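Engineer: Please find one structure pasted underneath; my questions will follow.
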């Protein structure tokens, strides 16, 4: 009988058979071995089943082949966590990559936290990184994240304590049509006042943001994830990654400064308009006072 795993890694999948084997391979290559991987097939095709056949000899990998759910198999995710024997739960998108020390790094951060994720940077189609600055240890950042139109925390990379998850009001559930499934889930965490959060300072997941690749042929997606896998294994990648991250933060800081400058210009224009309106109202009031009151009708 296998020993109790340290981490259960949940990988939901629907129609990304061309990248799924690379995603799973990045979990298999982790520096910690005490994990199990549950791939949730949400209405998959035979191409995905063929990919999973390649992993059936690895007892750490389990495939749950389910009919298409109304949303993203959230209820199955909840069942997996309920039945897990591991103290920690991790997530990975079927078109993303974990860097080898991701799980080790995240579990280390959970020594004094309940919920963690790596530095929030996503890979653009042109190969640059895009920063989504947030620090979940800050209550102000968690409050910002509660706005339904904001979400800087990707599913890929999040790791949390299983026991804390089981205290949440609902756990994974079907999200409203206008909400991201993961953001709807994180909202429950952020509303628990005693939960401890930490955002990693390093990028340990290669998040190939799906929205920016909508409509990209599967073959091209496969080539892209394969290239990132090869790059991540090459000597000097850590140094290359530091440069990419630095460039992403620099571009974000410049854009934030430009946005702030534009806001300041608009605010100054509004102040000028308000002063002009107030001056006109004052002149009108003064003119009315000088004209005196109208005589009473006879």
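The values are calculated or read from the model by the stated rules, or taken from the named source; none is laboratory data. Quick caveat: nothing in here was measured; it's all calculated off a predicted structure. As a convention, Cβ positions derive from the backbone with ideal geometry for all residues, glycine included, and neighbour counts pool all protein chains shown.
Engineer: Quick check, is residue 214 under 13 Å from residue 16 (Cα atoms), exposed (fewer than 13 other Cβ atoms within 10 Å of the Cβ) and in the same structural domain as residue 96 (by TED's automatic domain parsing)?
Structural biologist: Yes; evaluated as a whole, the condition is true for this residue.
Engineer: Evaluate segment 228-237: report whether one residue or more is in contact with a strand residue (DSSP E or B) (Cβ under 7 Å, 6 or more places away or on another chain), assigned by TED's automatic domain parsing to the domain that holds residue 77, more than 19 Å from residue 88 (Cβ to Cβ) and in a strand (DSSP E or B).
Structural biologist: No: segment 228-237 contains no residue that is in contact with a strand residue (DSSP E or B) (Cβ under 7 Å, 6 or more places away or on another chain), assigned by TED's automatic domain parsing to the domain that holds residue 77, more than 19 Å from residue 88 (Cβ to Cβ) and in a strand (DSSP E or B).
Engineer: Moving on. Could you run through segment 147-188 and say how many residues are in a loop (DSSP other than H, G, I, E, B) and either without any contact (Cβ under 8 Å) to a residue 60 or more places away in the chain or not assigned by TED's automatic domain parsing to the domain that holds residue 74 (or both)?
Structural biologist: Counting residues in segment 147-188 that are in a loop (DSSP other than H, G, I, E, B) and either without any contact (Cβ under 8 Å) to a residue 60 or more places away in the chain or not assigned by TED's automatic domain parsing to the domain that holds residue 74 (or both) gives 16.
Engineer: When the residues of segment 175-207 are filtered to those that are more than 19 Å from residue 134 (Cβ to Cβ) and at pLDDT below 95, which remaining residue is surrounded by the fewest Cβ atoms within 10 Å (Cβ to Cβ)?
Structural biologist: Across segment 175-207, the extreme among qualifying residues is 177.
Engineer: Among the residues in segment 126-146, are any farther than 30 Å from residue 227 by Cα, part of a helix (DSSP H, G or I), in contact (Cβ under 8 Å) with a residue 60 or more places away in the chain and in contact with a helix residue (DSSP H, G or I) (Cβ under 8 Å, 6 or more places away or on another chain)?
Structural biologist: no
Engineer: Looking at 206, 225, which is the one that is assigned to a helix (DSSP H, G or I), closer than 28 Å to residue 100 by Cβ and touching a strand residue (DSSP E or B) at 6+ places or on another chain (Cβ under 7 Å)? Steps first, please.
Structural biologist: Details: 206 fails: assigned to a helix (DSSP H, G or I).
From the options 206, 225, the qualifying one is 225.
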